[in-house]
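Worksheet: the structure to be examined is printed underneath.
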Protein chains: 2
Amino acid sequence: MVRRDEMRDGERAVATPPATDAGLVFIGRIHTPWQDRMECPRQGRADGPLCQIVIDDVWKDALKDIELYDRLEILYWLHRSRRDLVWQSPKSDGTTRGTFSLRSPVRPNPIGTSVVFVERVEGTTLFVRGLDCLDETPVIDIKPARESFVPLAPPTPGDAMTNA
Amino acid sequence: MVRRDEMRDGERAVATPPATDAGLVFIGRIHTPWQDRMECPRQGRADGPLCQIVIDDVWKDALKDIELYDRLEILYWLHRSRRDLVWQSPKSDGTTRGTFSLRSPVRPNPIGTSVVFVERVEGTTLFVRGLDCLDETPVIDIKPARESFVPLAPPTPGDAMTNA
């Protein structure tokens, strides 16, 4: 099971290759009201609790201009999740889904993505709504939400390729 | 600069901490028409070229039920990108933006996210449109697109929390 690490009827695990193909640096921490995986929402909501994303000082300059966007895509590391389940039973009823057809935190690379609504920014702290993760979850990236962003750089040959 | 690894006027780099907080396993490779970073589109398009996502056999079972979704979120590792720029100059004109206010491939953890449109699935190969990355880019995750997915598991206390 996802939240207590045991396996449910019908679930399937695999022997996973070593997770050494690339390395991540945690760029900060997320603060939410949820201390236990059993309490975390299944999905964030725009009118959910105000949460904080606190970025480490070394990356402070990378926050320049962040206030241009009120919707940000956040990537975070689901540090408490097992990584070896390929079939999961979300309803605990013996029926299963393949991991890549779920947004479960249990996956080969346990990375969560959410689009958050920014309320304000104070120094290296972002106050946002829309998260669904545990308190103290490590952050790995912040980007403008896809829908809000238009590239600044000039187009490339690839931008014009259609229907190939 | 993003695509040739040099720095442009006004750009700023930092001494980065070691990227050893967590490890990734590459779950497959992406095949696109783009062999050079100068050709890659700035953004994927729904009517762009048909690309292939080939998943490693060890994760084959995790693809079960993937055909339930015609829009998938793909996470991939931008393996050619430097990771130390905090200010970038997308127009090469001396004006800069903070990295977290850009969707540039250059970032502390160079992870790209795209929503793709699935044309068909054959074994462990997904044929999709909407990608923007180099040929041979490593894949790190596949999830149903946020907009298409409704959780199967029962709600938790957190799901009901609003406006805290």
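The values are calculated or read from the model by the stated rules, or taken from the named source; none is laboratory data. Here the structure is a predicted model, which is why all the values come from computation and not from measurement. Methodologically, a virtual Cβ is constructed for each residue, glycine included, from the backbone with ideal geometry; neighbour enumeration extends over all protein chains shown. Remember, those area values only see protein heavy atoms, side chains included, never the ligands or the DNA or RNA. Shrake-Rupley method; radii C 1.70, N 1.55, O 1.52, S 1.80 Å.
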What is the distance in Å between the Cα centroid of the stretch B:58-112 and that of the stretch A:47-91?
14 Å
Loop-resident trypsin sites (Lys or Arg not before Pro) in the stretch B:7-53 with no more than 10 other Cβ atoms inside 10 Å, DSSP not H/G/I/E/B, are none
Under 25 °C and 0.890 mPa s, how fast does the protein assembly as shown diffuse according to Stokes-Einstein, given a Kirkwood radius computed over C-alpha pairs? Answer in µm²/s, whole number.
122 µm²/s
Let me see the P(r) profile for the stretch A:44-164: every Cα-Cα distance counted, bins of 10 Å, each bin given as a percent of all pairs.
11, 34, 29, 21, 5, 0
Straight-line reach only, C-alpha to C-alpha below 30 angstrom: list the lysines that B:Lys60 could link to, leaving out same-chain residues fewer than 8 apart.
A:Lys91, B:Lys143
Relative to the other copies, what are the label-point distances for B:Arg80, with labels 7 Å from Cα along the C-beta vector, expressed in nm at one decimal and sorted shortest first?
4.0
Per the 1.4 Å probe, what fraction of the accessible area of chain B, in percent, lies on carbon and sulfur atoms?
49 percent
Mind checking the stretch A:98-164 for GluC sites (Glu not before Pro) that DSSP puts in a loop (not H, G, I, E or B) and that have at most 13 other Cβ atoms within 10 Å?
A:Glu136
Nm distances between copies for B:Thr16, ranked from closest, using label points 7 Å along Cα→Cβ
2.2
Distance between modelled label sites at B:Leu50 and A:Asp57, nm, 7 Å Cα→Cβ extension
5.5 nm
I want to verify a result. In a Gaussian network model of chain A, Cα cutoff 10 Å, which of these has the top mean-square fluctuation: A:Thr95, A:Thr124, A:Thr20?
A:Thr20
Determine the gain in length on full extension of the stretch A:Arg80-A:Thr124; use 0.36 nm per residue of separation and subtract their C-alpha separation, reporting nm with one decimal.
13.3 nm
For the stretch B:1-129, what does the relative contact order come out to in percent, with C-alpha contacts under 8 Å and a separation of six or more?
35 percent
Leaving out ligands, DNA and RNA, calculate the buried accessible area for the pair B and A with a 1.4 Å probe, summed over both sides, in Å² to the nearest 100.
7900 Å²
Average beta-carbon neighbours from other chains, 10 Å sphere, peptide B:68-77
2
Per residue solvent-accessible surface (Å²) - chain A, probe of 1.4 Å
41 Å²
Please give the charge dipole size of chain B, origin at the Cα centre, charges +1 on K and R Cβ atoms and -1 on D and E Cβ atoms. Round to the nearest 20 debye.
560 debye
Label geometry 7 Å along the beta-carbon vector: B:Pro151 inter-copy distances in nm:
3.6
Please work out the ratio of the alpha-carbon Rg of the stretch A:109-163 to 2.2 N^0.38 Å and round it to two decimals.
1.56
Give the residue list of GluC sites (Glu not before Pro) in the stretch A:1-46 that are DSSP loop and have at most 10 other beta-carbon atoms within 10 angstrom.
A:Glu6
